[in-house]
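What follows is a set of notes on a single structure, which appears directly below.
The values are calculated or read from the model by the stated rules, or taken from the named source; none is laboratory data. Bear in mind that the values here come from a model prediction, so they are computed numbers and not experimental data. When we count neighbours, we look across all protein chains shown, and the Cβ atoms used for this are built from the backbone with ideal geometry, even at glycine. In case anyone asks, the SASA skips ligands and DNA or RNA and just uses the protein heavy atoms, side chains included. Shrake-Rupley method; radii C 1.70, N 1.55, O 1.52, S 1.80 Å.
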Amino acid sequence: MFSDAFPMKKVDDIAYEVDCQMIVVGNDNVDIGANPSAEEQEETLEEGQSKVNNVVHSFRLQATTYDKKQYLSHLKEYMKAVTKKLEEKGDAAAVPAFKAKANDFAKKVVGKFKDYEFYTGENMNPEGMVALLNYRDDGVTPYFTFWMHGLKEVKL
């Protein structure tokens, strides 16, 4: 769902916050000239170009929607599945700490529910992780939140 090539930090030992940004894609003309100056208002998009989130674009995440009740229902089932996976891996000792931290972090998410946008993986697995997109305090800088225990590390 993301790569360690993106700046990230661990939050409350339960989730990762991954910094992302808006990029321009499409119309593959390469211009090696200078970038527009910082004083210019907004870089205009040429025909065939669009502005997209780099994490969404790179990992083909799919936007989805939830109301609070639906998200809580999904989260409850998702946390049960993660707990089961931890137990199957022989990590039963980590389960109580995971449940406590997940519960606390879920309360933070629900408290700011209206601020989030929701994304799933490319296959849109209804039982899989839902990534949470929010914006930093400046209201411009996007970041994703991913549940740490629901990720599987893949070395390339």
TODO: Identify all residues within segment 2-20 that are part of a loop (DSSP other than H, G, I, E, B), touching a strand residue (DSSP E or B) at 6+ places or on another chain (Cβ under 9 Å) and either on the phi > 0 side of the Ramachandran plot or modelled with pLDDT of 90 or more (or both); write none if there are none.
DONE: Ile14, Cys20
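Looking only at residues in segment 143-153 that are under 21 Å from Lys84 (Cβ atoms) and outside any loop (DSSP other than H, G, I, E, B), which one is most open to solvent (accessible area, probe 1.4 Å)?
We begin by selecting, within segment 143-153, every residue under 21 Å from Lys84 (Cβ atoms); these are 146-153.
Next, only the ones that are outside any loop (DSSP other than H, G, I, E, B) stay: 146-150.
Working: Phe146: 0, Trp147: 8, Met148: 34, His149: 68, Gly150: 35 Å².
Here the residue is His149.
Return the only residue of Thr65, Thr44 being within 18 Å of Tyr143 (Cα to Cα) and either exposed (fewer than 11 other Cβ atoms within 10 Å of the Cβ) or at pLDDT 75 or above (or both). Let's see the steps before the verdict.
Details: Thr44 fails: within 18 Å of Tyr143 (Cα to Cα).
Going through Thr65, Thr44 in turn, the sole match is Thr65.
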Open item on the list: Could you go through segment 128-142 and let me know if any residue there is over 13 Å from the mean Cα position of the chain (by Cα), part of a helix (DSSP H, G or I) and either crowded, with 17+ Cβ neighbours inside 10 Å or small (Gly, Ala, Ser) (or both).
Closed with: no
Open item on the list: Anything in segment 126-153 that is touching a residue at least 12 places away in the same chain (Cβ under 8 Å) and of a type in the set (A, V, I, L, M, F, W, C)? List them, or say none.
Closed with: Met129, Val130, Ala131, Leu132, Leu133, Phe144, Phe146, Trp147, Met148, Leu151
Open item on the list: Among (1) of a type outside the set (Asp, Glu); (2) surrounded by 12 or more Cβ atoms within 10 Å (Cβ to Cβ); (3) under 26 Å from Ile23 (Cβ atoms); (4) without any contact (Cβ under 8 Å) to a residue 24 or more places away in the chain, there is one condition Leu156 misses while meeting the rest; what is its number?
Closed with: (2)
Task: Any pair with Cβ under 8 angstrom, 6 or more apart, that starts in segment 92-113 at a residue that is within 18 Å of Lys10 (Cβ to Cβ) and open to solvent by 80 Å² or more (accessible area, probe 1.4 Å) and ends at one that is not aliphatic (A, V, I, L, M) and not in a helix (DSSP H, G or I) - done: Asp104/Asp12
